[in-house]
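Trainee: The structure under discussion is supplied below as structure tokens; questions concerning it will follow.
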Amino acid sequence: MGTSPLDFIPRIMNEIQGRRILDVGCGAGVYGYLLRNKWQDTPPGSIQFRDFGNRDVSNDQPELLVGIDIHTENVRRCNKHDIYDLVALARAERLPFPENYVDTILCVEVLEHLFKDDALRALNQFERIARQRIVVTVPRRAVDPITGRDERPFLRIETSDPDVGHWVQAETHKCSFTASELARLGFRIGRTVGQGWRAPFRLALKLWENHGPRSGQILAVKDLSKWNTLPCTSRIPEPPKWTDGFPDYR
């Protein structure tokens, strides 16, 4: 997870479907922590609290919570704090999971850090692995429309510190997606607008979020038609000792 704004958290949590979640580019595990400890703020978890005395205790947390990241330190940190059932070092475009393995895939502020071909391959991987929903956020303007590069001033730091250099490389955006481009790929842009007397206000807010600000993030959600497809396995796999050429992170 990149530097997504805090006001996006409830919107993302509200898009969770099912009880098996894969957090792609999990970073320090922010969404893993929230899903583990604030499950009641997701649609599948909120059912529990409408009749708390008769709740299904097995649904007090996600059934399966998996995180992957390309940065070794992020994986080590999540592994140390036991945030996820499984955390692995892997690339978004080459995910080491079987078809229909989870219900929802989260990919928060990650795709812009991949080259465009890899980002599109990652989206194809998400459709292979998720059963119900893909939830993606990306910056509206990840790269300069003229130069095609990430021109943010703080990335021009000149330093001999390898840690700072690694951070700059990790923060650099390599591609960009527009809302119309994601819509052509089958994504719904922004929150849903239900019926009722509040619907016009929600629609106005959705239009402002999607078309008003010139900066900020895009929320894109894709529903999949695999609801009746059971996951290949309910067993949590062992963390791979080698993933995409990376050594064992433990």
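The values are calculated or read from the model by the stated rules, or taken from the named source; none is laboratory data. Keep in mind it's a predicted model, so treat the numbers as computed, not measured. Methodologically, a virtual Cβ is constructed for each residue, glycine included, from the backbone with ideal geometry; neighbour enumeration extends over all protein chains shown. Surface areas here come from the heavy atoms of the whole protein model, side chains and all, with no ligands, DNA or RNA. Shrake-Rupley method; radii C 1.70, N 1.55, O 1.52, S 1.80 Å.
Trainee: Could you give me the residue pairs with C-beta distances under 8 Å whose first residue belongs to the range 156-174 and is farther than 20 Å from residue 109 by Cβ and assigned to a helix (DSSP H, G or I), whose second residue is open to solvent by less than 100 Å² (accessible area, probe 1.4 Å) and modelled with pLDDT of 80 or more wherever it lies, and which are 6+ apart or on separate chains?
Mentor: Within 8 Å, the pairs are 164/157.
This table checks each residue for (1) in contact with a Phe, Trp or Tyr (Cβ under 8 Å, 6 or more places away or on another chain); (2) buried (at least 19 other Cβ atoms within 10 Å of the Cβ); (3) of a type in the set (A, V, I, L, M, F, W, C).
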{"site": "12", "(1), (2), (3)": "yes, yes, yes"}
{"site": "29", "(1), (2), (3)": "yes, yes, no"}
{"site": "35", "(1), (2), (3)": "no, yes, yes"}
{"site": "39", "(1), (2), (3)": "no, yes, yes"}
{"site": "57", "(1), (2), (3)": "no, no, yes"}
{"site": "65", "(1), (2), (3)": "yes, yes, yes"}
{"site": "72", "(1), (2), (3)": "yes, no, no"}
{"site": "83", "(1), (2), (3)": "yes, yes, yes"}
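Trainee: Restricting to the range 115-136, and then to whatever is crowded, with 24+ Cβ neighbours inside 10 Å and in contact with a Ser or Thr (Cβ under 7 Å, 6 or more places away or on another chain), can you tell me which residue is nearest to residue 102 (Cα to Cα)?
Mentor: 130
Trainee: Restricting attention to the range 85-109, and to residues there that are open to solvent by 20 Å² or more (accessible area, probe 1.4 Å) and not acidic (Asp, Glu), which single residue is farthest from the chain's Cα centre (by Cα)? If you could, list the steps in order and put the result at the bottom.
Mentor: Pass one, the range 85-109, residues open to solvent by 20 Å² or more (accessible area, probe 1.4 Å): 85, 91, 93-94, 96, 98-99.
Still in the running and not acidic (Asp, Glu): 91, 94, 96, 98.
On the way: 91: 13, 94: 15, 96: 16, 98: 18 Å.
Taking the candidates together, the pick is 98.
Trainee: When residues of the range 58-114 are filtered for being under 16 Å from residue 124 (Cα atoms) and among the charged types (D, E, K, R), how many remain?
Mentor: 6
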